[in-house]
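Here is the structure we will look at.
Nothing in this text is a laboratory measurement; each read-out follows from the coordinates by a stated rule. If you're wondering where the values come from, they're calculated on a predicted model, not measured in any experiment. Neighbour counts run over all protein chains shown; Cβ positions are idealised from the backbone, glycine included.
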Amino acid sequence: FRCTDLQYKDYIGNEDLSLIKHSISNYFNGDLRYFLDVDIEKILYSALQRFYLIAEPEVKDDKVTRGFLSTIFSTLIVMDKLCKKINPKYVMSSHGTYSTWGAVVEYCKAHGIYVITYGQNYNHCGIEFTYDDSYLTGVLNDTENKWAGKNLSEKEISRVKRFLDERLGRISDDKVAFDYNKYNKIHYNKKQICQMLGINPNRKLVGVFPNIPWDGQVTGGSTVFPRYREWLHYTVEYFRNRDDVALILRSHPAEVNLGTDAGRETTESIIRDLYTEIPDNVFVLDPRNKINSYTLGENCDFGITYSSTVSLELTYLGVPIILCGCPPFKDKDVAFDIASVNDYDILLNKGMNGELVVTEDRINRLFKYLHYFFFMRTMPQTLVEIKDTIPQGYLFKNEDEMNSDPVFEDMFKKITNKEPMDFSRFYEYRN
C-alpha cells in the first residue's frame, strides 16, 4: 500500500538509551511518573494486566516491568521525534491501551494530536472507531442524544433482533464473532439445572456472569468496586448461607478457549482464594460447563455482572441484570446500574423481592443503543474475509478496487473530517 516502514532503531540513539535507563531507575525510586508529559502509570498497569492475565498484577522491580517501561519510554521518544518531524494530520492506532498502543495514544492526548483508535467487535468482527481515546473506553463519553432520540424503523429493529438471535444461537451463522458458546448450545430448564447442580428447585436462582477477571478490570472497571475480586467477594457475602437462594457463578467461557488457557486468574481461582470452603448455596461453574450463560440466565430470577455483554442478550430475554462495572452500555437504562454500594444493596434486595422488571421501555432502549453501537458506529467488514475472528484474505483484487469500496471511502472521509461515524446504510448489503 505504498507505506513507509519506520523502525524504532532509526529514532533511538545512545543518548535515548541512557535516558530510558535513567528514567526506569527514577521510576522505581518514586521520582518519575510523567515522561514527555505522559502519565505512564495507566499504560504500565494495563500492560502488566495483559501480560500476567490477572486483574491486579504487582508492579515490582523485575525484568518484566523494566521491559514494559523500556517499551513505553521508547515508544514515547519515537512518537515525540516522529510527530515533530512530520506534523501528522492524525494518528491511527489499534486499541489505545497496553504498552505500545497505549503509549501512542496517551502521547497524542497529552500533546493535542488528533488520534483515532480502532478494534473489532461482536458484529461479525466489524470495526469500531473512537476519536482521541482508547476504543475500549472512549465510547463511555458518548451522549444520549447520539442514539436515544432515534426512532428505529421495522427493518432496523429486525436487524438488531437478528444480531441478538445470532448471539444467542437461535440463528445459525458461521460468521458470528467471538461465539463463546459455539460448542455448547444445549438448552436446559430450571428443573434440569437444579438437578444437575443438586439444588432444591424451590430456591430462587441468581446468576452471576463474570468477565475474564483481568479483561473486565481493564475494559470495564467499576467505580464502585475498582478491585474485581472485591466485587466478587461482596456479592458472595451478600448471598452466603441464605437457604432461599442459590447463587450460581457461571465462569466466562473464554477463560478456556478451545482448550487453551485464556487467563491464569479465573473466577474459580479467585473464589478458592477467598474461601477455604465455598458456601453451600454458592455454585461455581467452570468455563467448560454444559450450562451456558444464556440458558442459565433464562432460568434465573435475575442476574449480576461486572461488565459483560451478556447483559445485553439476557435483557433481550427479559432477565433483569444488575450492572456493576463501566462497559459502554453503562447508564443507558438497559441494565440496572449501580453508582454506590448502597445502590447495589437496594437493587439486590429488589431482585430478591421480584421487583426488578425488564420493561418495554428498557427493551426499546436496548434496541436503540445496539443499533447505534453495532450498526452506526461499527464499519462492516467489506475488505477482509474473517472466520473465527481470524483474517482469511482480502476481498478485493487490487488497490484501486479497495479504494473504490464505498464503506472504506466513507470511513476515510469521516476520519479526515472528524465526523461521527454512521455505517448503518451499508448494512443493507447484509439483508
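Here are a few things to note about the model shown:
- Positive-pole candidate from 103, 335, 195, dipole of the chain, charges at beta carbon: 195
- Computed extension gain for residue 398 through residue 413, at 0.36 nm per residue and net of the alpha carbon distance, reaches 3.3 nm.
- Shape analysis of region 1-155 places it in the prolate category; the axes a ≥ b ≥ c from the Cα gyration tensor give an a/c of at least 1.5, with a/b above b/c.
- Under 5 Å between amide hydrogens, built in the peptide plane, is the criterion, and for residue 115 it picks out 91, 132 among residues at least 5 positions away or on other chains.
- GluC sites (Glu not before Pro), loop per DSSP, at most 14 other Cβ atoms within 10 Å - longest free stretch of the chain: 59-276
- Calculated mean residue ellipticity, 222 nm, the chain: -12000 deg cm²/dmol, from DSSP H runs (n ≥ 4) at -39500 (n - 2.57) each, averaged per residue and rounded to 500.
- Nearest-0.05 FRET efficiency for residue 29 and residue 185, computed from C-beta distance (R0 60 Å): 0.65
- Gain in span if fully extended, residue 18 to residue 241, counting 0.36 nm per residue against the direct Cα distance: 74.4 nm
- Percentage of interatomic Cα-Cα distances in region 50-92 larger than 16 Å: 54
- Summing charges over all other residues whose Cβ lies under 13 Å from the Cβ of residue 64, with Lys and Arg as +1 and Asp and Glu as -1, gives +1.
- Theoretical gain in end-to-end length, residue 155 to residue 59 [0.36 nm per residue, Cα-Cα removed]: 29.5 nm
- Alpha-carbon gyration tensor eigenvalues x 5, square-rooted, for region 41-117, Å: 25, 13, 8
- Computed FRET value (nearest 0.05) for residue 280 with residue 8, which takes r as the C-beta separation and R₀ as 60 Å: 0.60
- Semi-axes of the equivalent ellipsoid of region 246-401 are 33, 24, 13 Å, computed as sqrt(5λ) over the eigenvalues of the C-alpha gyration tensor in descending order.
- Counting DSSP beta bridges with both ends in the chain, the antiparallel % (nearest 5): 40
- All-pairs Cα distance distribution in region 94-183, expressed in whole percent, bin size 10 Å: 15, 32, 32, 18, 3
- Exposed chymotrypsin sites (Phe, Trp or Tyr not before Pro) absent - longest run of the chain, DSSP non-H/G/I/E/B, at most 12 other C-beta within 10 Å: 184-431
- For the chain, the Rg and Dmax computed from alpha carbons only, in angstrom: 23.1, 71
- Calculated FRET value between residue 197 and residue 227, using beta carbons and R₀ = 22 Å, to 0.05: 0.20
- Nitroxide proxy distance, nm - points 7 Å out along Cα→Cβ at residue 140 and residue 349: 2.8
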